[in-house]
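Comments concern the structure below.
What follows draws every value from the coordinates through simple rules; no lab data is involved. Just so we're clear, the structure is a prediction, and the values are computed from it rather than from any experiment. Please note: Cβ atoms are built from the backbone with ideal geometry, for glycine as well, and neighbour counts cover all protein chains shown.
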């Protein structure tokens, strides 16, 4: 009998133990520890995640979760989604629903799940699919227990363990196990983990175990930093691996970048002879390497279009340059590789760079190389003392402009010599300006007429489109942007100046009836015509996280009003000046003759600030909102 037990696979023992504890466990909501209820809309009663590397080409992931939903805000905790593709197979999914008292009310399995394409909203082709399901329960509280198993043909990418990765969700117990053969070496990074990993040898296998207990629910706090700075996360990467038939090994960014370059990029930048000849004809008469690169980039923009394609080697390997040249489209990988190939034909070196793209800046971790970091590709041109970056998916982006999607973060440049981390350009709050000037006239009836010119620079360049547009659509958008009651736009012009530091220009000629209110010989109107702030971050007591302002900017407004003759100011003059570490604000309205000049300047300084300054931040924005709602009051002069 003892011999037979020893022959049972290790994971079978874990699974049997899980099943025994599940059936013995009472999931009555009343048994949830009271200290876990504050701010919680759901409580994870038990969570078990296990990754087992069978061999270099096979990884099995098993996941079980028991979660009690306390109110409708916690329903997302039981929206189950399991993705798969031709290299990732679902073995089973099953679950049980319990009522408030822990009694089973329903069971479900994979047949109940919807099967749909994992469409991201823009991909033209994708291998990924998802099995999705949410139990139809409306009586709170209720509990859902579910588990699934998936097998993948690789040993490179493993899911992170994030026991408290959902706001408003408390955790009674969460466990993560990583199982592999002793010769399968891993590196791991623990973020905000207060425990200690347990390692043991069981039946000839190495088992790593992380466990978390009694984690209180995290609140949503405005201006919070990257969650990995305060949530518990464990990341694991292998030293040696196989990824869908591509083997390799790495322990740092240099080795990872070299593997990527040698295995996934080398040999894919060959262009047809006719295209090489065209590139020479296009650039041979241009002496400046940077201007040659500009000509090639703009040719690529004119010739190609972006199409997201998530197929092939896990969506990692680009189409060949010759394929993109023939098809005239490609995804970010394909267009970067294609542009790099054309630059190479003109003897201009460049780096294929992986980046974690998104409006929220997120850098690669300098001390932890992994393929799990990065969701986009851009191109770097390392000109001496003038490093230039290219976004190859935007047909209308100025040469050398990245914008908010990939700015100011560490990225991985893949080169034949190896990988290296580089930082993309930062658009400071002084670089990122929105400058607006308007000269307008108010008549006796309160109708407003005038012209308004706005320029957008730095990260604010993208506040207006640069692509060819239907002017009627843009007029409609402009009316929505400005929220000026009864606004009618007579003409609108958009013009982007694609120079070294690009500028976007907008010119509007407009009218707005009843902008001013005329009542009993008095005359009222809002001084801030077009840039009024309405949002004030909510009060948060006992804040946990520091303040993080992701992006800084400067807004400058100057509006000159010509008002009807015979009036004088009947309101207190507007004169506000606030200086804080995270921002500066001034607003002034003065009257000279029959002209009122309104000036506003708001500077928001990006960075991290102590949580103790949060109330100051709230008060700062409240003062801005109050000043933005200042009304000029005029009265007939004697």
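Rounding to the nearest 10 and keeping the result within 0 to 90°, find how far the Cα-based axis of helix 614-628 lies from the longest principal axis of the chain.
Approximately 30 degrees, to the nearest 10.
Using a/c under 1.5 as the rounded threshold, could you call the range 120-200 rounded, prolate or oblate? The axes a ≥ b ≥ c are square roots of the C-alpha gyration tensor eigenvalues, and prolate needs a/b larger than b/c, oblate otherwise.
oblate
Using 0.36 nm times the number of residues separating residue 71 and residue 303, minus their current alpha carbon distance, what extension gain do you get?
Extending this stretch completely gives an extra 78.2 nm.
Listing 158, 524 from the residue with the fewest other Cβ atoms within 10 Å to the one with the most, what is the order?
If I rank by nearby Cβ atoms, fewest first, I get 524, 158.
State, to one decimal in nm, how far the label point of residue 513 lies from the label point of residue 83, with both points 7 Å from Cα in the Cβ direction.
Placing both labels 7 Å along Cα→Cβ, they lie 5.3 nm apart.
For the chain, what is the calculated [θ] at 222 nm in deg cm²/dmol (nearest 500), taking -39500 (n - 2.57) for each run of four or more DSSP H residues and dividing by its residue count?
For the chain, the value works out to -5000 deg cm²/dmol.
Would you calculate the convex hull of the Cα atoms in the range 433-636 and tell me its volume per residue in Å³?
137 Å³
On C-alpha positions alone, give me the angle between the axis of helix 10-24 and the longest principal axis of the chain, in degrees, nearest 10.
70 degrees
Can you sort 601, 62 from fewest to most other Cβ atoms within 10 Å of each residue's own Cβ?
So the ranking, lowest neighbour count to highest, is 601, 62.
Any chance you could check the Cα centroid distance between the range 77-109 and the range 557-633 for me, in angstrom?
The range 77-109 and the range 557-633 have Cα centres separated by 54 Å.
Using r as the Cβ-Cβ distance of residue 612 and residue 558, and R0 as 41 Å, what FRET efficiency do you calculate, to the nearest 0.05?
So, using R0 = 41 Å, E works out to roughly 0.70.
So for the range 128-268, averaging the separation of alpha carbon pairs under 8 Å that are six or more residues apart and normalising by length, what relative contact order in percent results?
About 30 percent, as a whole number.
Take every Cα pair under 8 Å in the chain that's 6+ residues apart, average their separations, divide by the length, and report that relative contact order as a whole percent. Before the final figure, lay out the partial values.
Details: 1424 pairs, mean separation 61.0, N = 638.
Over the chain, the number comes to 10 percent.
Bin width 5 Å, alpha-carbon pairs only: give the P(r) of the range 250-423 as whole percents, running from 0 to the bin holding the largest distance.
The calculated distribution, bin by bin, is 1, 9, 18, 23, 22, 16, 8, 3, 1, 0.
Please give the peptides 371-383, 212-224, 100-112 ranked by average Cβ packing (other Cβ atoms within 10 Å per residue), highest first, as a rough proxy for protection.
371-383, 212-224, 100-112
Pop the C-beta distance of residue 375 and residue 173 into the FRET formula with R0 = 41 Å and round what comes out to the nearest 0.05.
Values: r = 32 Å, r/R0 = 0.77.
Efficiency computed from Cβ-Cβ geometry: 0.85.
If I fit a long axis through the Cα atoms of helix 332-345 and take the longest principal axis of the Cα atoms of the chain, what angle between them do I get, 0 to 90°, rounded to 10?
The angle comes out near 80 degrees.
Report, in whole Å, the centroid distance computed from the Cα atoms of the range 258-276 and the range 518-545.
The range 258-276 and the range 518-545 have Cα centres separated by 55 Å.
Once fully extended, how much extra length lies between residue 631 and residue 597, figured as 0.36 nm per residue of separation less the alpha-carbon to alpha-carbon distance?
Full extension from residue 631 to residue 597 adds 10.9 nm.
Across the Cα atoms of the chain, what radius of gyration and what greatest pairwise Cα-Cα distance (Dmax) are found, in Å?
For the chain, the Cα radius of gyration and maximum Cα-Cα distance read 29.8, 109 Å.
Using the Cα gyration tensor of the range 361-449, with a ≥ b ≥ c the square roots of its eigenvalues, what is the shape: rounded (a/c below 1.5), prolate (a/b larger than b/c) or oblate (neither)?
Prolate is the answer for the range 361-449, as a/c is 1.5 or above and a/b outweighs b/c.
Quick one: compute a quarter of the convex hull surface over the Cα atoms of the range 259-353 and quote it in nm².
So the Cα hull casts an average projection of 5.8 nm².
So for each of 468-477, 79-88 I average, over its residues, the number of other beta carbons within 10 Å; can you give me the resulting order with the highest mean first?
Descending mean neighbour count gives 79-88, 468-477.
Need the full-extension length gain, residue 186 to residue 35, defined as separation in residues times 0.36 nm minus the C-alpha distance. One decimal, nm.
The span from residue 186 to residue 35 would gain 50.7 nm if fully extended.
If the range 165-265 were replaced by its equivalent ellipsoid, with semi-axes equal to the square roots of 5 times the Cα gyration tensor eigenvalues, what would those be, largest first, whole Å?
Taking √(5λ) for each Cα gyration eigenvalue gives 31, 21, 10 Å.
With the cut-off at 1.5 for a/c, could you classify the range 478-586 from its C-alpha gyration tensor as rounded, prolate or oblate?
In terms of gyration-tensor shape, oblate.
Just need log10 I(q)/I(0) for the range 2-240 at q = 0.12, 0.14, 0.16 Å⁻¹, Debye formula, equal scatterers on the alpha-carbon atoms, no solvent, rounded to two decimals.
Log10 of I(q)/I(0), two decimals: -0.76, -1.05, -1.35.
Cut-off is 10 Å between beta-carbons; in what order do 494, 31 appear when sorted fewest neighbours first?
Sorted ascending by nearby Cβ count, the order is 31, 494.
Order of 195-204, 178-187 by packing, highest average Cβ count within 10 Å first?
With the highest mean Cβ count within 10 Å placed first, the list reads 178-187, 195-204.
What is the calculated FRET efficiency for residue 522 to residue 220, with r their C-beta to C-beta distance and R₀ = 45 Å, to the nearest 0.05?
0.55
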